[in-house]
Amino acid sequence: MNAHIVSPYLTFAYLIASVCFILALQGLSSPTNARRGNAIGAFGMLVAVVGTLILAGIIDYKWIAAGLIIGSVIGAAMSIWIPMTKMPERIALSHCFGGLAAALVGVVEYHHRGAAIDRFTMGALGLEVFLGFLTFTGSLMAFGKLQGLITGAPVTWKGQNASNITMFCAALVLLVLLVIDPSRSVLFYAMGALGLLVGVLAVLPIGGADMPVVISLLNSYAGLASAATGFALGNNVLIIAGALDGTSGFLLSMKMSKAMNRSFANVLFGAFGQVAPAADGAAGPAANYNLATVEDAVGVLTASQSVIVVPGYGMAVSQAQHAVRELAQALEANGATVKYAIHPVAGRMPGHMNVLLAEANVPYDQLFDLDDINDEFSRTDVALVVGANDVVNPAAKNNPGSPIHGMPVFNVEESRAVIVLKRSMNTGFAGIENDLFVQPNTMMVLGDAKKTLREFISGVKEEAAA
Ligand code: NAP
């Protein structure tokens, strides 16, 4: 596209698209408006793409049509067949393609413009290529870790952080040298190679369960790469969309770190999850828990008037959201009120629980954030913990030596009874014991969450019918 002859209609289309992107972000900030926000964002993208195809002076549509068809088929297949539990992996793959696309556009532009390239464009192109390649390999690594293709444990070695930071700085030095003399193509490709390498090496030391924070940060890099592409091509909608993507991804990473009460630096450089869980010998809390049967738990549930469900990662693994909803309906039919306590980092990605419960048609007004529900546990008959562990660990409040100390957690132990559904006495993501499981008012019902919930539903219905 020629940066100097932009049709006013195209500018108008980009303006509409940009407004749509801003409204989309606003809509996505609350579960009630999220679907609308998503639709507005998709519409904005359609306007931008169609506007570009019609008004940007494209000479040959052959390759574009091929890309459009292949991309649409892959995109549609991904959205139809990838399950909700695999959403972090899916997002990692999308960022990987986005980063690669930005980097390749940068390489082609560099070739196309040759030595005549001006310094400003060189700076934008260099940033685009470096961040694009870094996002590409970093997202691939994140995908591999989440998918179990490579170890999810942090891979560390001596001097790792120093060498990674040195490589990052070296790439920036190459960028400065290129801005001074854009004709030095060796430096350009060396910088791209460093981007690829830094993407791999920076993600290796980060634990698998921290990948959502990494993916969100890579999202922000992909956004910056797109904004840089926009500057290089003189394309305003890319600048605006890239800036929105870059800042929202960065803010989301910060918010996730804050909700885990960990510094951003700790997530990126702390190799969290590397230390093996404390030896859980016979004397550990796991030895003293109160194992309950389905019948015991059903008896407590049917006698209760108020229930708070606390879903966690195990609910996602077990795909138990529909069973949770059915049990809630059976308890409501029995006269109980049911609410859901949603922790900001429950599961493995922001909004993980909201998305799953929305899929099971749990009404939004029954979902409560941590601050809004935490005082209610002390007035509640039963806290039903479905595959959650770290987000209900009292050590975050009581044990200053705990790795999760300071992370806000639910006061589930204050309920009259606590029923915990999980498969074993294994630890959660943080790899630490949970004293909640050995409290006198806690009943551990071990087994797959969905299977146990189905048994609860039958039991509650049978008791109601009796
Ligand atoms: P968690 O601490 O990881 O615990 C999940 C529990 O689910 C496990 O203890 C596991 O126990 C159980 N489980 C697994 N499969 C199950 C199944 N099929 N049926 C029943 N239970 C099952 O999860 P959480 O309480 O949701 O906490 C999330 C953690 O992830 C936090 O530490 C958070 O900091 C971290 N994190 C979250 C995000 C995010 O964006 N949400 C990002 C980065 C890190 P068993 O193996 O015994 O069944």
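Scanning the stretch 296-321 for residues that are over 30 Å from Met349 (Cβ atoms) and either near the ligand (Cβ under 8 Å from one of its atoms) or in contact with a Gly (Cβ under 6 Å, 6 or more places away or on another chain) (or both) yields a count of 1. Evaluation of Arg348 against the conditions (1) part of a loop (DSSP other than H, G, I, E, B); (2) more than 22 Å from the chain's Cα centre (by Cα); (3) of a type in the set (Lys, Arg) shows that the sole unmet condition is (2).
One residue alone among Gly447, Gly406 is surrounded by fewer than 19 Cβ atoms within 10 Å (Cβ to Cβ), at positive phi and either touching a residue at least 60 places away in the same chain (Cβ under 8 Å) or charged (D, E, K, R) (or both), and that residue is Gly406. Just one residue in the set Ser226, Ser183, Ser139, Ser216 is surrounded by fewer than 21 Cβ atoms within 10 Å (Cβ to Cβ), of a type in the set (S, T, N, Q) and on the phi < 0 side of the Ramachandran plot; that residue is Ser183.
Out of Ala388, Ala383, Ala395, I need the residue that is buried (at least 20 other Cβ atoms within 10 Å of the Cβ) and over 23 Å from Arg325 (Cβ atoms). Which one? Talk me through it step by step, then tell me what you get.
Values: Ala388 fails: over 23 Å from Arg325 (Cβ atoms); Ala383 fails: over 23 Å from Arg325 (Cβ atoms).
Exactly one of Ala388, Ala383, Ala395 is buried (at least 20 other Cβ atoms within 10 Å of the Cβ) and over 23 Å from Arg325 (Cβ atoms), namely Ala395.
For the criterion of being assigned to a helix (DSSP H, G or I), away from the ligand (no atom under 12 Å from the Cβ) and of a type in the set (A, V, I, L, M, F, W, C), Ala328 passes. The criterion of being of a type in the set (A, V, I, L, M, F, W, C) and over 23 Å from the mean Cα position of the chain (by Cα) holds for Val412. There is no residue in the stretch 75-91 that is free of Cβ contacts under 8 Å to residues at least 40 places away in the same chain and in contact with a Phe, Trp or Tyr (Cβ under 6 Å, 6 or more places away or on another chain). Summed over the stretch 231-268, residues that are touching a residue at least 60 places away in the same chain (Cβ under 8 Å), closer than 30 Å to Ala116 by Cβ and not aliphatic (A, V, I, L, M) total 4. Listed by position, the helices (runs of 4 or more DSSP H) enclosed by the stretch 360-466 that each have at least 3 residues that are within 16 Å of the ligand (Cβ to nearest atom) and under 18 Å from Val309 (Cα atoms) are 449-465.
Determine whether the stretch 335-357 contains at least one residue that is away from the ligand (no atom under 16 Å from the Cβ), under 19 Å from Leu28 (Cα atoms) and touching a strand residue (DSSP E or B) at 6+ places or on another chain (Cβ under 9 Å). Spell out how you get there, then give the answer.
Applying the first criterion (away from the ligand (no atom under 16 Å from the Cβ)) to the stretch 335-357 yields 335-339.
When the remaining residues are screened for being under 19 Å from Leu28 (Cα atoms), the result is none.
No, there is no match, as no residue in the stretch 335-357 is away from the ligand (no atom under 16 Å from the Cβ), under 19 Å from Leu28 (Cα atoms) and touching a strand residue (DSSP E or B) at 6+ places or on another chain (Cβ under 9 Å).
Does the stretch 114-133 contain any residue that is more than 28 Å from the chain's Cα centre (by Cα), crowded, with 16+ Cβ neighbours inside 10 Å, more than 30 Å from Thr85 (Cα to Cα) and among the β-branched types (Val, Ile, Thr)? There is at least one residue in the stretch 114-133 that is more than 28 Å from the chain's Cα centre (by Cα), crowded, with 16+ Cβ neighbours inside 10 Å, more than 30 Å from Thr85 (Cα to Cα) and among the β-branched types (Val, Ile, Thr). Determine if the stretch 229-252 includes at least one residue that is within 16 Å of the ligand (Cβ to nearest atom), out of contact with any strand residue (DSSP E or B) (no Cβ under 8 Å at 6 or more places or on another chain), assigned to a helix (DSSP H, G or I) and among the aliphatic types (A, V, I, L, M). Yes, the stretch 229-252 has at least one match. Total residues in the stretch 185-216 satisfying the condition of being within 16 Å of the ligand (Cβ to nearest atom) and not in a helix (DSSP H, G or I): the figure is 3.
Each reported figure results from applying straightforward, stated rules to the coordinates on display, with no laboratory input. On a predicted model such as this, the values are computed, not experimentally measured, just so you know. So basically every Cβ, Gly included, is an ideal-geometry build from the backbone, and we count neighbours across all protein chains shown.
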